[in-house]
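Beneath this line is the structure, given in structure tokens, with notes to follow.
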Amino acid sequence: MTPERTRGLAVVLGVAALVSYGLLRFFAPEDKPPPKPEAARQDNEIRGVEMRVFDKTGAPNLVLVSPRIVSPKRGDEYLIETPLFDVVSDGGARWKGEARIGRLDIGADRLWLEDEVRLVGQRPSRPSATITGQRIEFQMTERVVLSEEPVAISQGDSRVTGVGLRADLTRDRVVLQNDVEGVYVTKKRKP
């Protein structure tokens, strides 16, 4: 074989190899990225909980009791099963709350109560008052209860309903914001 023929054969083989490689790449299936692994559950579960939250002065701000609390591994939010809580106001009144579901955000100092929420205020000099609703937010530091949904307040035989609530548990002051209706039953006076 002559050197010209050898060079020609090498060029033909090189072109054939490049064309073959190009055809293989053109018709080859696309490279798919590897599947992402599913995120593993990172929940912590605590059973039989009694949590005490203190304010900046060290005074008890909230006592929270639940049979079960679930939280993400790295986060400030807790899902609370049937929460019960107790708050003492400055005037000695005691507010006890319960709901079927609760969500506590420690970072924001907020407790959301949902589904059959009931707050009972027991005051030393007056009859107890009960606030009921479906969704209520409790701001722990300020001891304020808020709701934008319908709520009912009852005290003895008297009952008031409305939409929207702001209750300052420290001062025992409750304000209904919209669509307020009520029935007030006066006490019978002794003769």
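The values are calculated or read from the model by the stated rules, or taken from the named source; none is laboratory data. What you see is a predicted model, and the numbers here were worked out from it, not measured in a lab. Here the Cβ is made from the backbone with ideal geometry for all residues, glycine too, and neighbour counts use every protein chain on show.
Could you look through the range 70-85, keep only residues that are at pLDDT 85 or above and not polar (S, T, N, Q), and pick out the one that is farthest from residue 172 (Cα to Cα)?
70
Is the range 167-182 home to any residue that is out of contact with any Pro (no Cβ under 7 Å at 6 or more places or on another chain) and more than 30 Å from residue 108 (Cβ to Cβ)?
Within the range 167-182, one or more residues are out of contact with any Pro (no Cβ under 7 Å at 6 or more places or on another chain) and more than 30 Å from residue 108 (Cβ to Cβ).
From 133, 107, 102, 162, grab the single residue that is part of a loop (DSSP other than H, G, I, E, B), of a type outside the set (Asp, Glu) and either modelled with pLDDT of 85 or more or under 24 Å from the mean Cα position of the chain (by Cα) (or both).
None of the other options fit; the residue is 107.
Scanning for something of a type in the set (A, V, I, L, M), over 30 Å from residue 46 (Cα atoms) and assigned to a strand (DSSP E or B), does the range 136-152 turn up at least one residue?
Yes, the range 136-152 contains at least one residue that is of a type in the set (A, V, I, L, M), over 30 Å from residue 46 (Cα atoms) and assigned to a strand (DSSP E or B).
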